[in-house]
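Worksheet: the structure to be examined is printed underneath.
The values are calculated or read from the model by the stated rules, or taken from the named source; none is laboratory data. The shown structure was predicted, so the numbers you read here are calculated from the model rather than taken from an experiment. Here Cβ is always computed from backbone atoms with ideal geometry, including for glycine, and neighbour counts include all displayed protein chains. These accessible areas exclude ligands, DNA and RNA; they are computed on the full protein's heavy atoms, side chains included. Shrake-Rupley method; radii C 1.70, N 1.55, O 1.52, S 1.80 Å.
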Amino acid sequence: MKRKLPVRKLVGVFLLVAFIGLTTSPPFISYVKLPVSMTMFTNSQPVQVDALPGIEMESAPSLTVQKDANKVSVEAKKSGVAKLHYTLGGFPIKQSEVRMLDDIRLIPGGQSIGVRLNAGGVLIVGYHDIDTKKGILSPGKASGLQTGDMIVQVNGQAVTTMKNFGELVQKAGKAGKAMKLEVKRNDQSFETSLQPQLDPAEQKYRLGLYIKEAASGIGTMTFIDPDTKRYGSLGHVIADRLTKEPVSVYEGELLLSQVTSITKGNQGVPGEKIAAFLSEGKSIGTVQKNTPFGVFGTLQRPFPKQVDRKPIPITVASQVKKGPAQLLTVVEGQEIEAFDIEIVNSIPQRFPATKGMVIKVTDPALLDKTGGIVQGMSGSPIIQDGKLVGAVTHVFVNDPTSGYGIHIEWMLKEAGVLIEHKDDTEQKAA
């Protein structure tokens, strides 16, 4: 005698079949494909959206929407943010947020650069003990000062150099007075007091602190705005080598750099560009920001021997695709070369993040010279389909042929080149 399936199981099987039928049906697939968000540029080609017959769109005045068969073309009239509403039979079924950006064209970089930062004070990088009458101690450590702290003022007087700070220490020590310090820790400032102690061995007053006054390094230029001369480079923050803390920028300068040799990368050991600041020593620009997304400032004079390069359009995170691309960088002297890479993966980020792409070097010439991505290559612009899409940021230590890239739009926001506008549906008359 055959056993009958319980009613509950029959209902379950029916619902499962119905669910599979629904989720594989053309209307459902079309619904899922309707984007939740889109980004487009003014004065550029319309964005195409798949949509079944019967689906209608209602948009803000800043958008032009045209429907043709199963395709919808969306074009931006002006910059801003707008909502695109989808309806079926008069009923709302979904909406898209549309970011409309001004047409941006930038000069791609690739030049080897040097960066010198002055943090507007002296940076604490360690402690040492002093053999004093009170015993062996480090007054600075005992006071609660930490590595990474920046001493910016002593007794109301700005600290500009290590020499200047040393003179203030000796002056306070000889007078037998405690120093009133203004200190920056991360984004916070506070005051503390510190009494210099006499080092009998050298007959000088000490604080028991190791300090330094500036940070410098090399990297690669990513882009230059032809109108404002603002630039972006490196694609990551400059951190102090000892404290690993980001270096605050009081003032800084952009210098010319020349690649003299390459230490080739191997598995487990990242390679490095060996470069030197050029003997002219003249800065070619200012450094105004040192952020997780790169180093930014203003170019004050053009790069010498610079090839006349035309500005090219950019591509935002949501439009970067897997596939072939190129990076621009210098591996010898000051000559910029283009090398083939593959964008292995790209995350369509809606919010700023430093690791948005995984890239792999495929160019035999670059692999032969460097082994792949090396230190000093950070900031090398990534070009795809004639558009600037991002910059190299990090190498995979266990695979120097591969690494991370940052999407260009996050660097542009930090540089003040890309400015978001308000939702035009939320703007009200005064």
Query raised in the report: With all protein chains present, how much of the accessible area of segment 138-285 (probe radius 1.4 Å) comes from carbon and sulfur, to the nearest whole percent?
Result: 46 percent
Requested in this report: Would you mind working out the accessible area per residue for segment 37-196, using a 1.4 Å probe, and quoting it in Å²?
Outcome: 50 Å²
Query raised in the report: Could you give the accessible area per residue of segment 326-427, probe 1.4 Å, as a whole number in Å²?
Result: 41 Å²
Query - FRET efficiency estimate (nearest 0.05) - Cβ-Cβ, PHE190 to GLU97, R0 51 angstrom - result: 0.75
Query raised in the report: Which links in LYS310/LYS369; LYS264/LYS360; LYS273/LYS369; LYS229/LYS360; LYS78/LYS310 stretch past 19 Å when you go from one Cα to the other?
Result: LYS310/LYS369; LYS229/LYS360; LYS78/LYS310
Query raised in the report: Using 0.36 nm per residue, how much length does the chain from LYS67 to GLN267 gain when fully extended, once their Cα-Cα distance is taken away?
Result: 66.7 nm
**Report entry** Computed FRET value (nearest 0.05) for ASP129 with ILE347, which takes r as the C-beta separation and R₀ as 51 Å
**Finding:** 0.55
Report summary line: Mean separation of Cα contacts under 8 Å (at least 6 apart) over the residue count of segment 65-167, i.e. the relative contact order in percent, is 18 percent
Query raised in the report: For the pair GLU75 and GLU56, how long in nm is the line joining their label points, each one 7 Å along Cα→Cβ?
Result: 2.2 nm
Query raised in the report: What length, rounded to one decimal in nm, is gained on full extension from ASN398 through to LYS355, with 0.36 nm per residue of separation minus their alpha-carbon distance?
Result: 13.8 nm
Query - Net charge of Cβ neighbours under 14 Å - reference LYS322; Lys, Arg +1; Asp, Glu -1 - result: 0
Report summary line: Under 5 Å from the placed amide H of GLN153, counting only residues 5+ away or on other chains, we find VAL159, GLU182
Query raised in the report: Which ³J(HN,Hα) values, rounded to whole Hz and listed in residue order, are derived for segment 382-389 from phi using the Karplus coefficients 6.51, -1.76 and 1.60 in 6.51 cos²θ - 1.76 cosθ + 1.60 with θ = phi - 60°, glycine and proline given as x?
Result: 10, 10, 9, 6, x, 10, 7, 10
Report summary line: The simple spin-label model distance between GLN170 and SER216, using points 7 Å out along Cα→Cβ, in nm, is 2.5 nm
Query raised in the report: Counting pairs of alpha carbon atoms under 8 Å apart in space and at least six apart in sequence, what relative contact order in percent does segment 56-117 give?
Result: 26 percent
Requested in this report: Mind giving me the nanometre distance, one decimal, between the label points for LYS310 and LYS244, set 7 Å out from Cα along Cα→Cβ?
Outcome: 4.7 nm
**Report entry** Reachable aspartates and glutamates, given that their alpha-carbon falls under 15 Å from the alpha-carbon of LYS204 and they are not under 8 places away in the same chain
**Finding:** ASP129, ASP131, GLU167
Query raised in the report: Given R₀ = 35 Å, FRET efficiency for GLN157-LEU198 by Cβ-Cβ distance, to 0.05?
Result: 0.95
**Report entry** Relative contact order [Cα under 8 Å, 6+ residues apart], segment 206-345, whole percent
**Finding:** 22 percent
Report task. In whole Hz, with x marking every Gly and Pro, tabulate ³J(HN,Hα) for segment 176-186 from phi via Karplus 6.51 cos²θ - 1.76 cosθ + 1.60, θ = phi - 60°. Result -> x, 10, 6, 8, 8, 9, 9, 10, 9, 10, 6
